[in-house]
Amino acid sequence: MSHVSIRTKFLVFVILITLLPLVLVGISNYRTAKATIKEALIEKAYAKVRGSADGMSVWLDERRAEVTAMSRSEIVRFGSETERIAYLHIETSRKDSPYFALSYTDGDGYTHFASGTQAGPNWRPWTESTSIGNSAITDPFIGPRTGERLFLIRIPVPDGENEPAGYLNAAIRTDTLAEQFLDFRVGLRDIVLMYNREGNILYYPDIKKELVYNLRSPELPFAAAADDMLAGEQGYAETGSGKGRSIVFHADVAQTGWQVGMQVAMKEFEEPLTPLIWRTVLRIAAAEIVMALLLWAYINRLLARLQRVTDVTEAASAGQFDVIPVPETGRDEITRLSHSVNEMTVHLREMFDQLEAIINQNQYSIIVVDQEYRITYFSKAAERLLGYRAEEVIGFHTPLLFIAPDSLAEAAEQLSAKLGRPVAPDISVLREHRLDNRNYEREWVLVHKDGTRIPVSHSSSAITDRDGKVVGVVGISRDITKQRQEEKTRSRQLAVLEAAHDLIATFDADHKLIYLNPAGREMLGLAGSGEVSLAEEVPARFVETLLMGIDHAVAHGFTENMAELHTPDGRIVNVSKILVAHQDEGTGERFFSCIARDVTENTRVNEMLAEAKREADEASQAKTLFLARMSHEIRTPLAGIIGLTRLMQKTELTQLQRDYADKMQASSEALLRIINDILDFSKVEAGKIELNAVSFNLEEMLQKLADILSVFVGGKEQFEFLIETPEQLPSALIGDPLRIEQVLLNLCGNAVKFTNRGHVKLQVQLLVFEPGEDVVVRFSVEDTGIGISEEQQTRLFESFTQAGPATQRKYGGTGLGLVIAKSLVEMMGGAISYESTAGVGSRFEFTLQFAAQSDAMNEPYQVGEHAIWVVEDYMLMEQHWSGMLEDMGLLPIGHGSWRSAQERLARAGIGALPAAVLLDFEMPDMFGDDTWQSFHETALATGVRTIALTTAFGREELLKLPSEERPDAILVKPVTRMALYQTLVPVMGMVSAGAAALAESAAAEEQDFPRRGTILLAEDNAINQLVAVEQLSEWGFAVEVAETGHEVLQKLDSGEAYDLILMDIHMPEMDGDEAASIIRSEPKFDMLPIIALTANVIKKDHERYYKLGMNDVLTKPIQAEKMRQTVLKWLNAGEEEHAAAAAAESPLHASDEGMALLSVPGIDMASALARVGGKREILRHMLHVFAAESTQFGDRLRQALVASDYQTARRLAHTLKGSAGNLSAAELAAMADQLESLLKQPIERIDVQAINSAAACVQLVLRPMLKALAGSDK
């Protein structure tokens, strides 16, 4: 047992002391369970016997009742013998009959069987029977004829007097009874029997013993218990002994004299208890195993803790202190032991760590040698310093291994000189040093293993024993390479400071000057005698100036400022200085440095530059004022020239006079463009241009641009201008459309100017359009013109510069267009780039980013599935037209000449005819009116509509034709996608309807307008008076003229009623702005519109006019149509007159040649008319349809919003937006688009207040339109 572990001993001991109690408890539990289970099994067996006896009794009662019922039947009682036998045979033969045989015994004792046989009076096979009243049940017997074991139920058959006349006998097989009630067991070897009160066996499993033996027969196992089995009605008794022990159960079968018995061997009850014994044993064993495992785990844990304590103590004894401490968990004895061991280890580690730190963890290398100078210890620091490992040198080498030979030789020379005798440059040097002084210090140069030389500071000390004898030497060395480099660096820095040309000074924490370089002495005018200290030599005023701003330097680290130094010789030195606050990292002591540079010359130059800038600013201001004044002085007479020329063009002129007038008009407009360019350029230079951020529709802006460009396109042969846009564009962008239009107009104008043949293409590309993000659009203008040479490209964007003198003479211009365009694009956040090849053409492009007012896109233009012919010889244009037409759902077919198209049209069948033909009127084979008339006749004959593609001049010529000879629609180049669609819609509508519309010319119609009101014109220039009066009178207005502001006030005070004032700003005696201010001061004139007339284009001045109370501004020279629209817009008081005039112009009141369009507030009639190719009748029809469809708009929208039916409301807004766009009602379209955008939001984000506000704005714009349209039908 001495070799057995504590773990095993403890485990065996615990198992032994726990096994005995578990065994005792198990035996006790087994006995209790055994008695309980045995009692339950006996009771179960007893219940089976009782149940069998009771069931048999009930079954016999049922049979007796059946036989009794048969005995009472009429056939059995009174029937003939034959009838009775037949009846009994039927009852016996029943499928479910329990009876083996039925018979009838008559009064004479003869028994008649259902089979037809009979037995005499002596036939009585049974021995005795049990009587129940007059009926009886016999004991089982063996039938003499059949050999079957039977028993009888005998029931008397009453006669008419109710006296027994015979007996009805029912024979039942004993096996039938046994199968139902005696076929049960408790164990495998049980015996079930039936006996009568005398103990005779009536049924027994062994048929040989049946009806022969008695319970008391020794051959049967019931002899000992026979008396108990016969004594009572039911019960059980134990018989036998040893292995033969058994229990006998018995129970009476009521009203029969029979008893059911069963013998069950005692082991049948004890066998179910065997598993209980094994379960008890297994539970005890399992408990012991679990306990052993738990104890094993617990003991292992304790022993593991002890083993950890042992491991740590063994490691500590071996000098290893960097071990994991013993865990200290709990408060038991092992924990206390672990704590003690850990404390011991910590103390030992601290002691050895201190020693280790002293030796290795510093910058000093420690090397120990013996008496022979052989190395015995080599520290870690020495390994790092020299590159050798300790095991390489200990016991093998002396310090001569790494002392530099030249350093050793130097030391030998020094010792030789000191001692007066030669000392060899070997180990003798070290010995002589030791003899001279046991402890010494000096510098050596050591050599690293890789050959690197290392200067060190060396300290050597002798190691002595107790007797003072030297037994070794310890040497401590420190690398001083860094110190030597720092000394060199400090020396160089001082040289730099001394050589610097700026003043450099340092001050201590007490603001005492401690250093000043030579340049500083020279700047301050100090002699530098050296007889006094630096602090005494430098005057205090210099120190105060150099330290100026010291508080700011302390707070922020440095300060910069300018200062003046007054030297002793009377000079004033202007310096730019920086004062820096420093703090010593080691001591925390603060000190300051100052660097000052002489900027006296720079100051003088800066003053000169400031003066020059002031003069330049004054000159710039003078230039701006000059341009503003010259703008007014030039524009005023220019306005008169343009106005008079227009009036003259309307008079009867000869061909030569008309030619002169046209050239005057062109020259005047060219001069106006030059003036505008110069003014824009001056505003760009002065930074006076301001950008607006308004919502605009990109397609509508391009359409306006196309209208302007149409003026420049005509007059060139084999020249085309195309505008290429995506199929869909954003419906509302935020930006400055006027400036974008100005840039594109400059680029396109240049392209048209410098391109004689070929084409110019304006392309718009949508680069980025994502919901919630800014929209990025690229604009490009490409031409096939003269191009720009590389030399010319270098000065392309210079002011007043063109490609060259020849170009300027040939093409004219100011050379400012590109400069202005470049500046505007850059202001809008973009940049213009270009590509150009001389003789080939140029391409300019820029990209702009816009905020989107909504994520909506313009609806794609769809016309319908129709065939349309495109007559175009220029391949690029033919592809351009075909592409746009295909996008609109049409089927374009190209023809390269008028002749081929006409020939094909003439011979085409009905199914091959197009819906319309798009004709380019500037093709080589288009020879004028004859060509057109011929084609027109063919088109009329085939019922095909014609659309003319021509220039503005070509349109004027076509409109001079009689209406029946004109094309069905006219498109003026350049054509936008919107203009093409708006022209195709009515043409295709006419095709489907099969009705011809009346074509009329807007330009050819000259009518007298009805009187529309009285206008007061304030204008001092006689020419401008003449132009304005003539034009206003032509439009139906009464005009009175005032030449000064005073005269305006006088006319107003005279009581004359005026509907509107056109107020010139610059007039003698009293300017227009002063007169307007006085008018607005009187409440009675609050509703009188005042429109400013000025040649001033500066935006701030316009804003000032508005603040003075003027309603609008017209800039000279004033375009006639612009003045007409502005006047009509502000004559709201004359709506009734407008409606009357419109009614007079309605087709219901005018002839075909005299029809004019009414003026509807909010609708640009000129643009709307252009959209339908000048077809006024179509436009009138569209206006009437719009009025009919929009009259109920307000009510339907209100109902939808009240019902929260936002889908219907959005559809109404979308429909209104489309209708307004087709009618050039831009404001209404924008309002409807805003309403639609609000209604497109998800239901949870619907802003009801914003929707109601937007709906109110739509109604505010829509109502005046509907009112004016309603007046036209009165």
Quick one: Thr174 ticks every box in (1) polar (S, T, N, Q); (2) buried (at least 22 other Cβ atoms within 10 Å of the Cβ); (3) closer than 18 Å to Ile75 by Cβ except a single one, so which number is it?
(3)
Just need a number here: residues in region 80-126 that are in a loop (DSSP other than H, G, I, E, B), touching a helix residue (DSSP H, G or I) at 6+ places or on another chain (Cβ under 7 Å) and not hydrophobic (A, V, I, L, M, F, W, C).
4
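Among the residues of region 252-262, is there at least one that is at pLDDT below 80 and assigned by TED's automatic domain parsing to the domain that holds Tyr195? So that I can check it myself, show each step before the final result.
The first filter runs over region 252-262 and keeps only residues at pLDDT below 80, leaving none.
No - not one qualifying residue is present in region 252-262.
State whether one or more residues within region 195-203 are at pLDDT below 85 and hydroxyl-bearing (Ser, Thr, Tyr).
Looking only at region 195-203, we keep the residues that are at pLDDT below 85, and these are none.
Checking region 195-203: not a single residue is at pLDDT below 85 and hydroxyl-bearing (Ser, Thr, Tyr).
Of Pro986, Pro924, Pro967, which residue is in a loop (DSSP other than H, G, I, E, B) and at pLDDT below 90? First the steps, then the outcome.
Details: Pro986 fails: in a loop (DSSP other than H, G, I, E, B); Pro967 fails: at pLDDT below 90.
The conditions single out Pro924.
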Only one of (1) at pLDDT 65 or above; (2) crowded, with 18+ Cβ neighbours inside 10 Å; (3) under 27 Å from Met1067 (Cα atoms) does not apply to Ala661, and that is (3)
I'm trying to understand the selection: among the residues of region 1176-1215, which are of a type in the set (S, T, N, Q), loosely packed, with under 15 Cβ neighbours inside 10 Å and closer than 18 Å to Pro1264 by Cα?
Thr1191, Gln1192
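Table: residues versus (1) of a type in the set (S, T, N, Q); (2) in contact with a Cys (Cβ under 7 Å, 6 or more places away or on another chain); (3) within 19 Å of Gly143 (Cβ to Cβ).
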residue: Phe78; (1), (2), (3): no, no, no
residue: Glu83; (1), (2), (3): no, no, no
residue: Tyr87; (1), (2), (3): no, no, no
residue: Ser97; (1), (2), (3): yes, no, yes
residue: Phe100; (1), (2), (3): no, no, yes
residue: Tyr104; (1), (2), (3): no, no, yes
Would you mind stating whether Glu1074 is within 19 Å of Trp1130 (Cα to Cα) and either within 57 Å of the chain's Cα centre (by Cα) or not hydrophobic (A, V, I, L, M, F, W, C) (or both)?
no
Could you check region 564-602 and list, in sequence order, the residues that are over 19 Å from Gly525 (Cβ atoms), in contact (Cβ under 8 Å) with a residue 40 or more places away in the chain and part of a strand (DSSP E or B)?
Arg590, Phe591, Phe592, Ser593
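Test of understanding: among Glu826, Glu865, Glu878, which residue is among the acidic types (Asp, Glu), farther than 22 Å from Gln718 by Cα and free of Cβ contacts under 8 Å to residues at least 24 places away in the same chain? Write out each step before concluding.
Values: Glu865 fails: free of Cβ contacts under 8 Å to residues at least 24 places away in the same chain; Glu878 fails: farther than 22 Å from Gln718 by Cα.
Result: Glu826 is the single residue among Glu826, Glu865, Glu878 that is among the acidic types (Asp, Glu), farther than 22 Å from Gln718 by Cα and free of Cβ contacts under 8 Å to residues at least 24 places away in the same chain.
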Look at Leu738 and say whether it is modelled with pLDDT under 85 and in the same structural domain as Ser842 (by TED's automatic domain parsing).
yes
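Looking at Thr274, is it assigned to a helix (DSSP H, G or I) and among the β-branched types (Val, Ile, Thr)? Write out each step before concluding.
Working: assigned to a helix (DSSP H, G or I): yes; among the β-branched types (Val, Ile, Thr): yes.
Answer is yes for this residue.
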Can you say whether Met266 is farther than 30 Å from Leu193 by Cβ, out of contact with any Leu (no Cβ under 7 Å at 6 or more places or on another chain) and surrounded by 15 or more Cβ atoms within 10 Å (Cβ to Cβ), as far as the supplied structure shows?
no
Among the residues of region 857-877, are any assigned by TED's automatic domain parsing to the domain that holds Leu980 and polar (S, T, N, Q)?
no
If we scan region 382-404, do we find a residue that is part of a strand (DSSP E or B) and not basic (Lys, Arg)?
yes
Being acidic (Asp, Glu) and part of a strand (DSSP E or B) is the requirement here; does Glu560 meet it?
yes
Would you be able to tell me the number of residues in region 705-737 that are under 42 Å from the mean Cα position of the chain (by Cα), farther than 20 Å from Met1231 by Cα and not polar (S, T, N, Q)?
7
Starting from residues that are within 15 Å of Glu872 (Cα to Cα) and part of a loop (DSSP other than H, G, I, E, B), keep the ones in region 927-956 and report whichever is modelled with the lowest pLDDT.
Phe927
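Out of all the residues in region 932-942, is one or more touching a strand residue (DSSP E or B) at 6+ places or on another chain (Cβ under 8 Å), aliphatic (A, V, I, L, M), closer than 23 Å to Val752 by Cβ and touching a residue at least 24 places away in the same chain (Cβ under 8 Å)?
The answer is no, given that none of the residues of region 932-942 is touching a strand residue (DSSP E or B) at 6+ places or on another chain (Cβ under 8 Å), aliphatic (A, V, I, L, M), closer than 23 Å to Val752 by Cβ and touching a residue at least 24 places away in the same chain (Cβ under 8 Å).
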Looking at Val25 and the list (1) at pLDDT 85 or above; (2) assigned to a helix (DSSP H, G or I), which single condition is not satisfied?
(1)
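Any idea how many residues of region 1226-1274 are β-branched (Val, Ile, Thr), within 14 Å of Arg1198 (Cα to Cα) and surrounded by 14 or more Cβ atoms within 10 Å (Cβ to Cβ)? I'd like the intermediate steps shown before the answer.
Filtering region 1226-1274 for residues β-branched (Val, Ile, Thr) gives 1243, 1246, 1248, 1251, 1258, 1261.
Those still in the list that are within 14 Å of Arg1198 (Cα to Cα) too: 1248, 1251, 1258.
From what is left, the residues that are surrounded by 14 or more Cβ atoms within 10 Å (Cβ to Cβ) are 1251, 1258.
Counting residues in region 1226-1274 that are β-branched (Val, Ile, Thr), within 14 Å of Arg1198 (Cα to Cα) and surrounded by 14 or more Cβ atoms within 10 Å (Cβ to Cβ) gives 2.
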From the option list Thr1044, Thr1126, single residue qualifying as under 19 Å from Leu672 (Cβ atoms), of a type outside the set (A, V, I, L, M, F, W, C) and either in contact with a Cys (Cβ under 7 Å, 6 or more places away or on another chain) or at pLDDT 85 or above (or both) is Thr1126
Aromatic (Phe, Trp, Tyr), part of a strand (DSSP E or B) and either touching a His at 6+ places or on another chain (Cβ under 8 Å) or at pLDDT 95 or above (or both): which single residue out of Phe846, Phe850 fits that description?
Phe846
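For a quick check of your reading: which strands (runs of 3 or more DSSP E) sit entirely within region 419-527 and have at least 3 residues that are among the β-branched types (Val, Ile, Thr)?
Details: elements: 440-447, 453-464, 470-479, 503-507, 513-516.
Here the list reads 453-464, 470-479.
The values are calculated or read from the model by the stated rules, or taken from the named source; none is laboratory data. Since the model is a prediction, treat every value here as computed from it, not as a measurement. So basically every Cβ, Gly included, is an ideal-geometry build from the backbone, and we count neighbours across all protein chains shown.
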